[in-house]
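Asks: Before I ask anything, here is the structure I am working with.
Derivation of every value follows stated rules applied to the coordinates shown; laboratory data play no part. What you see is a predicted model, and the numbers here were worked out from it, not measured in a lab. Glycine gets a Cβ as well: all are built from the backbone with ideal geometry, and neighbour counts include every protein chain shown.
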Amino acid sequence: MSLFITGTDTGVGKTYTATRLLRLLRASGVSCAGMKPICCGDRRDAELLLAAGSDGLTIEDINPVWLKTPAAPIVGSLIEKTNIHIENMLAAFHALQSRVEHVIVEGAGGWMVPIRADYFISDLAVAMKLPVLAVAYNRLGCLNHAVLTVQSVVGHRLRCLGLVLNNAQDTGDIAALTNADILRKILGVPVLGGLGENLTELPAHWRLMLDSTIDS
């Protein structure tokens, strides 16, 4: 089983979701690794993935492209006058697949962030042939971004495993209070609560979701 974690935006909890999933998989005895094909700015996301579930690997193994500019990959490549080689990211992904049972790939920013003028994060997920788990932050605006992201995943002929709704606690905000129920009515994919720090094992509905990827 491998999957691609995308977001409805930057800063919605993709890395948190990926690292929690890796730690819970490792705790259950599963061989796994995180992957961050592209880092923009610092390398913190890749460092967290490496620490969460990538024993015996280096940061170069899981993060083959590092742009120092804290912006979209296309911006970083233009400023730094470098080419982003898609084949290098795919080779790194396949190398990880040969070493562990489960590879959790985390995209950069949102689903349609451009890597090059003619190539987007969505195209990378298609090239990896992975089912997609979308992550959203529970706030005003979430409905629009979640629907657009899930519809685009399906439009790329990839399986959308579900939507993770982070910050799902009762905030008193009417949008935050109603988003989960509305998303369950309109999305057509499972809406999952975030993986809280107090969990010691994967919830049953998460396990079912992951098990369903094995033969997909």
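Asks: Rounded, prolate or oblate for region 1-104? Axes are the square roots of the Cα gyration tensor eigenvalues, ordered a ≥ b ≥ c, and the cut-off for rounded is a/c under 1.5.
Replies: It is prolate, given that a/c is not under 1.5 and a/b is the larger ratio.
Asks: Take the alpha carbon atoms of region 13-67, find their radius of gyration, then divide it by 2.2 N^0.38 Å using N residues; give the quotient.
Replies: Relative to the 2.2 N^0.38 Å estimate, region 13-67 comes out at 1.06.
Asks: Just give me a number: lysine pairs in region 2-211, eight or more positions apart or cross-chain, with C-alpha atoms less than 27 Å apart.
Replies: For region 2-211, the number of qualifying lysine pairs is 8.
Asks: Same structure, new question: With springs only between Cα atoms under 10 Å, which of 109, 13, 172 fluctuates most in a Gaussian network model of the chain?
Replies: Taking springs between Cα atoms under 10 Å, the residue moving most is 172.
Asks: Which cross-chain or sequence-distant (5 or more) residues have an amide H under 5 Å from the amide H of residue 111, H modelled 1.01 Å from N in plane?
Replies: 7
Asks: Under a 10 Å cutoff between Cα atoms, tell me which one of 80, 60, 101 has the largest fluctuation in the Gaussian network model of the chain.
Replies: 80
Asks: For the chain, evaluate the Debye formula with one uniform point scatterer on each Cα (no solvent term) and list log10 I(q)/I(0) at q = 0.09, 0.14, 0.15, 0.18 Å⁻¹, rounded to two decimals.
Replies: Cα-only, vacuum Debye calculation for the chain: -0.33, -0.81, -0.94, -1.36.
Asks: What distance in nm lies between label points placed 7 Å from Cα along the C-beta direction at residue 175 and residue 82?
Replies: 3.6
Asks: Projecting each Cα onto the charge dipole of the chain (Lys/Arg +1, Asp/Glu -1 at the beta carbon, about the Cα centre), which of 176, 103, 204 comes out farthest on the positive side?
Replies: Highest projection toward the positive end goes to 176.
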